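The values are calculated or read from the model by the stated rules, or taken from the named source; none is laboratory data. Keep in mind that this is a model prediction, so the values were computed, not measured. Ideal geometry is used to build each Cβ from the backbone, glycine not excepted, and the neighbour counts take in all protein chains shown. SASA here: full protein model, heavy atoms, side chains in, ligands and nucleic acids out. Shrake-Rupley method; radii C 1.70, N 1.55, O 1.52, S 1.80 Å.
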Amino acid sequence: MAPASSPSAKGKRPHGPASPAKAAKRARVDSTGRSSTTTTPPPRSGRTSWSLRMSEAAQRTTNPIRAIVDNMKVAPNPDKPVISLALGDPTVFGNFNLHASCVDAVKKQLDSYKANGYPPATGMEVARDAVARKYSTPEAPLTSKDVILASGCSGALELVIGALANAGQTMLIPRPGFSVYATIADSKGIKYKYYDLDPSKNWEVDLDHLEAQIDETTAFILVNNPSNPCGSVYSAAHLRAILDVAERHYLPVVADEIYADMVFSGQTFTAMAQLTSTVPVLAVGGLAKKWLVPGWRMGWILIHDRADAFKDVRVGLQKLSQVIIGSNSLIQAALPEILHNTPQSFYDETNAQLERHAKVAMELLGKVKGLKVVVPQGAMYCMLGIETDLFKDVKSDVEFTEKLMAEQSVMCLPGQCFKYPNYIRIVLCPAEDKLREACQRIAEFCDHHRK
Ligand SMILES: Cc1ncc(COP(=O)(O)O)c(C=O)c1O
């Protein structure tokens, strides 16, 4: 849980002078060559040196992925080229490319010389309208007024978390889950509690555990579907059951749907807002994953408020969006074409490639003694349980990832990055031959270290 006061600040000086400001004596030589000393009074600020420290908010702000990964400091095996299964960025491997129509849409805006100015804080009308048309359904209708654009889905999450919770209030977030939720909350002094996901039920929410976390400080429930890091996709029935909990306690839901529609055969993605006319839902998404352009930093908030409960929050979101104008004008102007001209075949091919990769990983890792594999249903990740009692010299997920890197040059993220020890997360994005080789090396590593 977020610290009530910053432990890292303990024993350290707050802003201010190193020691009480003293009057300074200065030697002076006048034009006749005579020297004298004058006393300069201490400055009114009380500062007498460059005694600078980061703010308390900066001290509170940590991204656990960076903290854990940067501390690992293991060199790869020089005899094996590094294969990284750690990065959730589909563009780095060269086998997932954006569609040519998206490139043309941005080029067109660049050539027009019309998309270079400041857009409105919540986003251009044409862009918000394009998002609303893309995501509006009869059950959960949207207009451009219900859309706010932000700098990536992370920017959308920052606005949403900041608009819904005061410092000291609590948000409920999934475990295992995407680490940035906690990072944003820490930076704002907002607390959080984790509710458990159950690996034996394809990472469904443990509903009793979720409900047990709710108290008078709870501000909202955050649900991530499809999930990073689990690769799970929830059924409509399960999403309804989560909404029932929210409804019983009058808690709004933040639905992180950045992996919307990225599902494998036999799975259906259901937007949470479609399942309720009573629970207010803020859904966040963006271009990063489905359109394969995370660096374009385009995210959005969809305000679903059929019960008219978000009147004040809506104003709050608008106010917070005015702090910085968070998404760039070029991509905003291109958004109508990006969202509406990208052919369905592009999305289908992305999902088919990810599904093929998931099958390769399952085929090679599913039977490895010492690993517990939870078959992914969508997104671009898979969690592997490490049965530490079956290994002679691997005691934790961090040790597993460190030794795997040192011996096999395969980089994965330890489950601790997602608050879920004794699992590791692998990314399914690398090209099939690279992924196959990485999985073979993981299997070899397990064979080598098993009792
Ligand atoms: C679950 C989840 N939410 C939000 C984001 C942030 O997306 P963006 O890159 O658009 O900020 C990510 C990125 O990996 C994610 O996995």
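A few points about this structure:
- The share of accessible area on region 100-342 that comes from carbon and sulfur is 51 percent, using a 1.4 angstrom probe.
- Theoretical ellipticity at 222 nm over the chain - DSSP helices of four or more residues, -39500 (n - 2.57) apiece, nearest 500: -10500 deg cm²/dmol
- Long-range tail of P(r) for region 100-342 (Cα pairs > 22 Å, %): 51
- Among Gly162, Met362, Cys382 - extreme Cα towards positive end, dipole of the chain, charges at beta-carbon: Gly162
- For the peptides 340-348, 424-432, 312-320, the ranking by packing is 424-432, 312-320, 340-348, with the highest mean count of neighbouring Cβ atoms within 10 Å listed first.
- Once the gyration tensor of the Cα atoms in region 331-451 is diagonalised, the equivalent ellipsoid follows with semi-axes of 33, 15, 12 Å, ordered largest first.
- Rounded to the nearest 20 debye, dipole of region 100-342 from Cβ charges on Lys, Arg, Asp, Glu: 740
- Rounded to 5, the percent of DSSP beta bridges in the chain classed as antiparallel: 60
- Amide H to amide H distances under 5 Å link Leu413 with Arg425, where only residues 5 or more positions off or on other chains count and H is placed in the peptide plane.
- Cα extents for the chain along the principal axes, largest to smallest and rounded to whole angstrom: 93, 59, 53.
- Remark: for residue pairs Lys108/Lys319; Lys403/Lys434; Lys201/Lys367; Lys73/Lys359; Lys73/Lys369, the C-alpha separation exceeds 21 Å in Lys108/Lys319; Lys73/Lys359; Lys73/Lys369.
- Between the C-alpha center of region 300-336 and that of region 251-273 there is a gap of 20 Å.
- Packing-based ranking of 43-56, 406-419 yields 406-419, 43-56, ordered from highest to lowest mean Cβ neighbour count within 10 Å.
- Dipole moment magnitude, nearest 20 debye, the chain about Cα centre, only Lys, Arg, Asp, Glu C-beta charged: 2440
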